[in-house]
Structure formats: C-alpha cells, structure tokens
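Single-structure report; data block below.
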Amino acid sequence: MWRRLGIAFPAAAVAVFALTVLGQDRADHPRLRAALQELREARAALKKARDVYPPGYRDRALGSISDAIDSVRDILGVRSVDDFRGVDRDRDFYKRYEDHPHLRAALQDLREAREELRAARAEFRGKKERALDDIDAAIGDIVALTRHNKPLFSDTFDRRTAAGLGPAWAFTVGGFSVASRLAVSDAATSIAVVKGVLATDVAVQADVEVPLASGKYAALVARYRGEGDDNMYAAGITCTADGPMAYIHRNIDGTWALLAAKKVPSGTGNLRFEVVGNSQRLFFNGRLVASATDALLPDAGAVGIRGWGGTEITFDNFLATGR
C-alpha cells in the first residue's frame, strides 16, 4: 500500500514494525492464551486419569474441553495447539493444587479468560458468543469432575415387588413402591429422600419414564430441607398435551418458582441434575437442556426423587455423587 502512495520505508523499519505488531499480538489476551495451553494439558491428563467418575462425566468433559480449545484457538488465530505455549509454568506452580492440577489450573484460567473475553470490544468475526458458551460449558463440566467424583448413594431398585423403597429411604410426602424393579409413585404427590445424605454441591441422576400427555411430573431433588413438599430444588420432566418439557424449580416455604424450562423430545430417558454453588443444570440423555443461577437455597440438604400427578411415574438407577 505504501509503495502505491510513493512512500518507501527502509527494510529495517519494516522489520521493526512487524516485530512490534507480532509482540503486541502475543501480549493480547493473556488469560485466553493461558487457558488454551492449560486446556490442552487438562485434556491429555483427563484421558490418562484412572479416577472413577459417574457415567458420562469424563466423556462429556472431554467433549466440552475440546470445544473450548477450538473456540479459543479460533479467537486467538492459533493454527495448532500441539506446540502452543501461552504461559510459562514450572512444576512448582502446580503444587498449589491437592489433586488434578491441570484440570484445576484450567478451571482458574477459564474463569479469568471468560472475563477477559467479555470485556473485549472485538466480536472476533462473530465467534465471541460461541466461544463464551463453550467456555461456560467447559467450566461447568470441569467443576462437575472435580466435585462429583465421590459416590454418595445409589439404588437400582432391583427388587421384584416391595411396599416402600427400603430402609435407606424416607418418605416426606406420599410414597413409592417397587414394581418390576422400578420405583413407582403411589400418590398424587410423592417425595422420597435418602437417609443420612446431606450435600451442598451434588449431582443426582436417574432413569425416568413419564407417560405422554399425562400432565405428570418426574423430578430429582437436591438441597431438600423441608418437612413436606417444600424447601428444595427440583428438576425433571413433565408431559402435557403440548409435549414433554424439562423444568428446574425452586421451592421456599411451599412457594414454587420456575427457574428454567425447555422442550425435550421424550418423557423417557436419563435425567441428571447438578447443583453446584449458585448453579443448577439439568441434563437429559447426556445433553444440557436447562440451566439457572439461583442463590436462595445455599445450605446442604437431602437428595431424592419427586413424583407429581399420581401413579405410572417411574424411576430407576438412582445415583447421587458429590464431595
């Protein structure tokens, strides 16, 4: 361009200009650069980890980490992450973490990178929002790995027929029984919680079935501190004439508040409800279908299942994990 204008620059000046621009590019977005390097290391460490995670957790985290790597790489204009170096860290840096050092370092870097990207004025060729979504997903899945690797309670309901669910469960409203190796709601509203399990950060999952167009509701319960049908987070599936819907609700002193809702393809499948800090996320058949942020029930509580609308609501393969 400068030659077309009849202006000539010495070669040395051009070289200095190029190095300056390159240096500025490398100095830009230091948190994103650190996150990209640490995500690569976290992915490699997770693939080799021998930890026993709840079903689907590792694969989901590997997927979201890979998506975040691709998005951050696009934002930074990095062709390959294999030899990418975004920050200088020695072994002593990772000694601050009690376990999973690369996952925990990636989590810290991602949170800082998210703020850095939000504050950036550029839209990065329309890729900014997608990158923020991928970073959010990776943060959530890494948190799930680091906080939900300890089984708290499980029940396959592998009993042919039984009144009640067994000595590990307590009914606070209505009741459940076991029929054909499934937990079945016996009343218009039924809640069963696990005895002796109180958790703040927890993941609860089960296979559920709700008859189509029935208006009935199968939900998972976390941070339950009530004496009846109150004081809890509940998330699940209902089937109305308009089709199946996924919901996240909060109940305080008997008053229900809708936190999130989204249509889903079926009333039958695997539900997983994660409550971590002020975050609530509901997965259906491994896919995130609803999420919310709510801080009004911060204390540890019981976990369990809730049926609404009468019988024919079933639960199977219940699992609660946490730290």
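Filtering region 297-314 to residues that are more than 14 Å from T200 (Cβ to Cβ) and under 22 Å from the mean Cα position of the chain (by Cα) leaves G304, I305, R306. Taken residue by residue, region 306-318 has at least one member that is polar (S, T, N, Q), assigned to a strand (DSSP E or B) and crowded, with 20+ Cβ neighbours inside 10 Å. Within region 185-196, being in contact with a Phe, Trp or Tyr (Cβ under 7 Å, 6 or more places away or on another chain), hydrophobic (A, V, I, L, M, F, W, C) and modelled with pLDDT under 95 holds for no residue.
Would you mind stating whether G267 is over 23 Å from A295 (Cβ atoms), crowded, with 22+ Cβ neighbours inside 10 Å and not basic (K, R)? Yes; evaluated as a whole, the condition is true for this residue.
If you filter region 32-77 down to residues that are among the β-branched types (V, I, T) and farther than 22 Å from F284 by Cβ, you find that the one that is surrounded by the most Cβ atoms within 10 Å (Cβ to Cβ) is V72. In region 213-242, the residues that are more than 18 Å from K263 (Cβ to Cβ) and surrounded by fewer than 18 Cβ atoms within 10 Å (Cβ to Cβ) form no Cβ pair under 7 Å with any partner that is at pLDDT 90 or above and of a type in the set (F, W, Y), whether six or more places apart or across chains. Elements of the type helices (runs of 4 or more DSSP H) sitting completely within region 19-130 and holding at least 2 residues that are outside the structural domain of N285 (by TED's automatic domain parsing), under 20 Å from the mean Cα position of the chain (by Cα) and over 30 Å from N270 (Cβ atoms): these cover 30-48, 101-119.
Residues in region 279-299 that are among the small types (G, A, S) and buried (at least 16 other Cβ atoms within 10 Å of the Cβ) were compared, and the one that is nearest to P265 (Cα to Cα) is A290. Of all positions in region 270-278, none carries a residue that is farther than 23 Å from A138 by Cα and assigned to a strand (DSSP E or B).
State yes or no: is P10 modelled with pLDDT under 90 and touching a Ser or Thr at 6+ places or on another chain (Cβ under 8 Å)? No.
As for region 133-149, it holds at least one residue that is polar (S, T, N, Q), under 30 Å from W169 (Cα atoms) and surrounded by 15 or more Cβ atoms within 10 Å (Cβ to Cβ). Evaluation of P298 against the conditions (1) in contact with a strand residue (DSSP E or B) (Cβ under 7 Å, 6 or more places away or on another chain); (2) assigned to a loop (DSSP other than H, G, I, E, B); (3) modelled with pLDDT of 95 or more shows that the sole unmet condition is (1). When L165 is tested against the conditions (1) surrounded by fewer than 16 Cβ atoms within 10 Å (Cβ to Cβ); (2) part of a loop (DSSP other than H, G, I, E, B), the lone failure is (1).
Only one of the numbered conditions (1) within 24 Å of V173 (Cβ to Cβ); (2) under 16 Å from the mean Cα position of the chain (by Cα) is violated by T293, and that is (1).
Rundown of residues vs (1) out of contact with any helix residue (DSSP H, G or I) (no Cβ under 6 Å at 6 or more places or on another chain); (2) more than 21 Å from V184 (Cα to Cα); (3) not small (G, A, S); (4) not assigned by TED's automatic domain parsing to the domain that holds A137, yes/no style:
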| position | (1), (2), (3), (4) |
| --- | --- |
| A246 | yes, no, no, yes |
| A257 | yes, yes, no, yes |
| R272 | yes, no, yes, yes |
| N278 | yes, yes, yes, yes |
| G309 | yes, no, no, yes |
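The values are calculated or read from the model by the stated rules, or taken from the named source; none is laboratory data. What you are looking at is a predicted structure, and each value in this text was computed from that prediction instead of being measured. Cβ sites come from the backbone with ideal geometry, for glycine too, and all protein chains shown count toward neighbours.
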